[in-house]
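Input: a single structure, listed below in structure tokens.
Read-outs throughout are calculated quantities, based only on the coordinates presented, and are distinct from any laboratory measurement. Here the structure is a predicted model, which is why all the values come from computation and not from measurement. Note: ideal-geometry Cβ built from the backbone for every residue, glycine included; neighbour counts use all protein chains shown.
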Amino acid sequence: MLRPIIEITKEMREVFSHYDLTRKELKRTEDLIDKIENQKITISVIGQFKRGKSMLVNSILGDKILPIGIVPVTAVVTTIEHGERAATVRFDNGIIKEIPFEDMSDYINEQSNSDNHLGVRQVAVYSPSDFLEGGITLVDTPGVGSVHQKNTDEAYAFVKESDAVIFMLSVDSPINQIEVEFLKNAKEFASKFYFVVNKIDTIDEDDLKEYVDYCRDLIKRLMEVDSIQLFSVSAKKGIGVEELKSAIRHDCETTVRDIIERSAGLKMKDIGASALSQIMLYRTTLQMTHKQFEYTFDELEKTFNELRRDAEEYAEHFRSNPRMLEAKLNDIRNSLSDEVSRLFRIDYYYDITSVDFYRGGKVDEDGRRDLREDFMKAVNDIFSELEQTIKSVFMFKEENTLTVTQRIYDVNKLTRRLVRLKTELDRTPLEQAEIDANKKPEFKQVHCE
Ligand SMILES: Nc1nc2c(ncn2[C@@H]2O[C@H](COP(=O)(O)OP(=O)(O)OP(=O)(O)O)[C@@H](O)[C@H]2O)c(=O)[nH]1
Ligand SMILES: [Mg+2]
């Protein structure tokens with residue numbers, strides 16, 4: 001009999017909670033349990049500037065909440081959850097301030113908060129709209145591809161936090177290169193996509209058909225799928241919006257738990273693998289002789305220095321490109337995994353995570369951000385974390401020879417429990433192919449990166 005994912009996940013939490021060694025995995029597991037139990041789903045509206053994203057959100061909610069306009073408007077990610085009408089602003093420095101509902105534009109709007117000089121990280125709005133009941137968070141994001149690069153970065157960053165994406169196109173211009181690039185990238189984060197063609201009130205039926213057919217073919221090719229859900233709407237006149245809402249509602253009702261659990265199961269496998277590789281590193285280090293340890297440590301230092309030099313050179317070229325820097329950081333993790341695996345003769349593994357280079361950085365005179373410092377800090381953090389782990393294990397060995405045997409016994413016990421839980425997860429079907437494509441939509445990996 002297969003146990004539900006939530007049970008396996010809770011047992012993993014219990015295992016991790018006994019050992020300092022797995023505190024990172026404990027935190028990730030707790031986040032997953034929170035997500036499964038609360039069954040919240042985040043749906044972001046994303047697309048090029050001026051496609052009508054904010055107007056669509058207003059139309060879905062039946063409430064004129066968000067500012068709209070003919071120039072780039074939305075400069076800040078705005079989340080909308082169910083509740084009594086209220087709004088709060090969270091600033092980059094962590095401060096959260098409640099604001100009068102009517103003042104919202106001052107914080108969200110590109111005109112009043114140009115290039116987000118107020119340092120707003122997110123605006124959270126509460127609305128009593130029925131659509132949001134049952135745990136949907138709808139998110140309006142800044143448009144991609146305008147001259148305001150920071151807006152594009154914010155939108156990209158938010159795709160990763162979304163369970164589903166409403167991708168917004170409009171009939172006044174065909175899909176362009178910016179949208180193609182964005183889609184190619186967004187699909188890597190593999191959320192559920194609803195495609196929306198907006199402003200259909202401005203063209204006749206024949207032109208609309210031609211436009212929709214063209215988009216459908218192109219998107220299918222880009223996303224490498226056989227079918228997509230595409231809705232033709234006029235956010236302004238409210239045409240077609242009900243169809244979109246009921247498709248989302250239907251998907252949420254039928255599959256949310258399933259989707260979140262499967263996604264959590266996949267994530268737990270990853271967390272389990274990461275915990276096991278930490279434990280193996282610990283055990284091997286504990287069993288090293290002084291001489292072996294010194295040699296290994298020297299070799300590791302050499303690797304750090306090489307990787308650091310390479311990272312510095314790379315950052316010179318890509319100082320303003322958060323996507324390239326993020327990819328490079330994961331490359332560095334991979335190189336380091338290989339080196340640790342070689343030196344310690346174990347199968348070492350770093351989980352590939354997203355890194356928040358999308359915010360912060362100094363802005364120079366021509367408005368470009370310089371993320372070199374943030375990037376190099378992230379690189380050095382990876383090195384020093386590994387260094388600290390290894391050093392502290394060895395120091396423990398020096399000081400507590402008698403208890404080392406007990407430690408090794410504990411670690412072996414932990415390994416056995418984890419291997420058993422991982423095997424149980426491996427037997428649970430989690431992949432997309434298991435889902436009946438007609439009844440259930442293909443949400444993939446979600447939210448918990
Ligand atoms: N005719 C027509 N115009 C629309 C429709 N939806 C939006 N618009 C217009 O398109 C313009 C942009 O609307 P917004 O909702 O601000 O667009 P946005 O995508 O949120 O723009 P950014 O926040 O700058 O990325 C506004 O002038 C709207 O009046 C529609 O369905 N039909
Ligand atoms: Mg907008």
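For Tyr194, enumerate residues with amide H under 5 Å from its amide H, sequence gap 5+ or separate chain, H modeled in the peptide plane.
For Tyr194, whose amide H was placed from the backbone, the distant partners under 5 Å are Val165, Ile166, Phe167.
Under 10 Å, Cα contacts only: if you run a Gaussian network model on the chain, which one of Ser384, Ser129, Ser162 comes out with the highest mean-square fluctuation?
Maximum among the listed residues: Ser384.
For Ala86, enumerate residues with amide H under 5 Å from its amide H, sequence gap 5+ or separate chain, H modeled in the peptide plane.
Counting only residues 5 or more places away or on other chains, the set is Tyr126.
If I model a spin label at Lys64 and Glu301 as a point 7 Å from the Cα along the Cα→Cβ vector, what separation in nanometres do I get?
Between Lys64 and Glu301, the simple spin-label model gives 6.8 nm.
What is the fewest-to-most order of His82, His18, His117 by other Cβ atoms lying within 10 Å of their Cβ?
His117, His18, His82
Give a residue-ordered list of calculated ³J(HN,Hα) values for region 300-312 (Karplus: 6.51 cos²θ - 1.76 cosθ + 1.60, θ = phi - 60°; whole Hz; x for Gly, Pro).
5, 4, 4, 4, 4, 5, 4, 5, 5, 4, 4, 5, 4
Of all beta bridges DSSP finds with both residues in region 40-239, what is the antiparallel percent, to the nearest 5? Let's see the in-between values first.
Values: 15 of 41 bridges.
Bridges in region 40-239 are about 35 percent antiparallel.
For Met280, what charge total do you get from the other residues with a beta carbon under 12 Å from its beta carbon, if Lys and Arg give +1 and Asp and Glu give -1?
With Lys, Arg at +1 and Asp, Glu at -1, the net is +1.
Could you work out which residue, out of Ser173, Ser263, Ser341, moves most in a Gaussian network model of the chain, that is, has the largest mean-square fluctuation with Cα springs under 10 Å?
Taking springs between Cα atoms under 10 Å, the residue moving most is Ser173.
Enumerate by residue number the GluC sites (Glu not before Pro) in region 109-190 meeting two conditions: DSSP loop (anything except H, G, I, E, B), and at most 12 other Cβ atoms within 10 Å of the site's Cβ.
The qualifying sites are Glu133.
Taking the convex hull of the alpha carbon atoms in the chain, what volume per residue do you get, in Å³?
159
Could you list which residues have their amide H under 5 Å from that of Ser170, counting only those 5 or more apart in sequence or on another chain, with H placed in the peptide plane?
The answer is Asn198.
Which of the aspartates and glutamates could a cross-linker span from Lys199 if the Cα-Cα distance has to be under 13 Å and same-chain partners fewer than 8 positions apart are dropped?
Counting by Cα, and skipping residues close in sequence, Lys199 has these aspartates and glutamates nearby: Asp172, Asp207.
Which of Arg319, Arg13, Arg345 comes first, and how do the rest follow, when ranked by fewest Cβ neighbours within 10 Å?
Arranged by neighbour count, lowest to highest, Arg319, Arg13, Arg345 become Arg345, Arg13, Arg319.
Of all beta bridges DSSP finds with both residues in the chain, what is the antiparallel percent, to the nearest 5?
40
List, in the order given, every pair from Lys160/Lys192; Lys40/Lys328; Lys53/Lys187; Lys302/Lys413; Lys10/Lys187; Lys192/Lys362 whose Cα-Cα distance in the structure shown is over 23 Å.
The pairs that break the limit, which is 23 Å between Cα atoms, are Lys40/Lys328; Lys302/Lys413; Lys10/Lys187; Lys192/Lys362.
Distance between Cα centroids, region 259-275 to region 76-120: provide it in whole Å.
33
In whole percent, what relative contact order does the chain give with Cα contacts below 8 Å and a gap of six or more residues?
It rounds to 18 percent for the chain.
If you place +1 on the Cβ of every Lys and Arg and -1 on the Cβ of every Asp and Glu, how big does the dipole about the Cα centre of the chain come out, in debye to the nearest 20?
With Lys and Arg at +1 and Asp and Glu at -1, about 1220 debye.
Highest GNM mean-square fluctuation, the chain, Cα pairs closer than 10 Å: which of Thr405, Thr88, Thr141?
Looking only at Thr405, Thr88, Thr141, the largest GNM fluctuation is found for Thr405.
Would you mind ranking Thr303, Thr78 by Cβ crowding within 10 Å, fewest neighbours first? Please report the intermediate quantities before stating the final value.
Details: Thr303 19, Thr78 27.
Sorted ascending by nearby Cβ count, the order is Thr303, Thr78.
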